[in-house]
């Protein structure tokens, strides 16, 4: 199974339709769309029955963590999916990612064995599961992502269109439908760097009057569900 470890800074921005068009245009000559083009991604978040993980995250602590199962397009029982343990401390994101399948993940969260064949990553993910004791599917986040890379560099960024969610039919095997998280035309820009952001990129951001923010897709979905519950 493929195992990945990532450590980087991640910065998020909310862009309206005009800013998105501006940003895409000014990226030309600096970055290129990766080989996959626009990809529909689904992330199934696991949480405790009382939503301990997302409630803690929304308090904006210096350290927070989450676990999710990700697919690229609609998955089936045998297609590869990716279990990701994501932690953020003092602005730095650490991610552990394991390629697996849906049946193996179901067994893992039922407490039946490891998620991968030993090693440090297995110990971290298993310790996370055992610490929180009961983790169940809580929210499905879906979006259409275009990823960019800097030829010869380590800079990566993504633009997510039409982010949406659902809290029913929590499976990666059915559809990519959901309730919108943002206003029509708005996107989420994520910039991922190992070190400092290049000057040319800061100039593009400044020229487009794009301001950094704090946005969690799962957090916004949870907030919207709380608002709905209060209006019933």
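The values are calculated or read from the model by the stated rules, or taken from the named source; none is laboratory data. Quick caveat, the model's predicted, so the values are computed rather than measured. Heads up, the Cβs are rebuilt from the backbone with ideal geometry, glycines too, and the neighbour counts pull from every protein chain shown.
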Checklist outcome for this item: Exactly one of 148, 143, 165 is within 23 Å of residue 15 (Cα to Cα), touching a helix residue (DSSP H, G or I) at 6+ places or on another chain (Cβ under 6 Å) and assigned to a strand (DSSP E or B), and that residue is 165
Checklist entry - How many residues does segment 102-123 contain that are closer than 17 Å to residue 70 by Cβ and either touching a residue at least 40 places away in the same chain (Cβ under 8 Å) or assigned to a helix (DSSP H, G or I) (or both)? => result 9
Checklist outcome for this item: Filtering segment 33-65 for residues that are within 18 Å of the chain's Cα centre (by Cα) and assigned to a strand (DSSP E or B) leaves a count of 16
Next on the checklist: Quick check on segment 79-101: of everything there that is closer than 22 Å to residue 7 by Cβ and part of a loop (DSSP other than H, G, I, E, B), which residue is modelled with the lowest pLDDT?
Outcome noted: 91
Item to check | Options 26, 30; residue that is outside any helix (DSSP H, G or I), touching a residue at least 60 places away in the same chain (Cβ under 8 Å), out of contact with any strand residue (DSSP E or B) (no Cβ under 8 Å at 6 or more places or on another chain) and surrounded by 15 or more Cβ atoms within 10 Å (Cβ to Cβ) | outcome: 30
Next on the checklist: Quick check on my filter: what residues within segment 192-224 are in contact (Cβ under 8 Å) with a residue 60 or more places away in the chain, over 17 Å from the mean Cα position of the chain (by Cα), surrounded by 15 or more Cβ atoms within 10 Å (Cβ to Cβ) and in a helix (DSSP H, G or I)?
Outcome noted: 201, 204, 205
Checklist entry - With (1) surrounded by fewer than 19 Cβ atoms within 10 Å (Cβ to Cβ); (2) farther than 15 Å from residue 10 by Cβ; (3) out of contact with any helix residue (DSSP H, G or I) (no Cβ under 8 Å at 6 or more places or on another chain) as the list, and residue 52 as the residue in question, which single condition is left unmet? => result (3)
Checklist entry - Checking residue 61 against (1) in contact (Cβ under 8 Å) with a residue 24 or more places away in the chain; (2) more than 24 Å from residue 150 (Cα to Cα), which single condition isn't satisfied? => result (1)
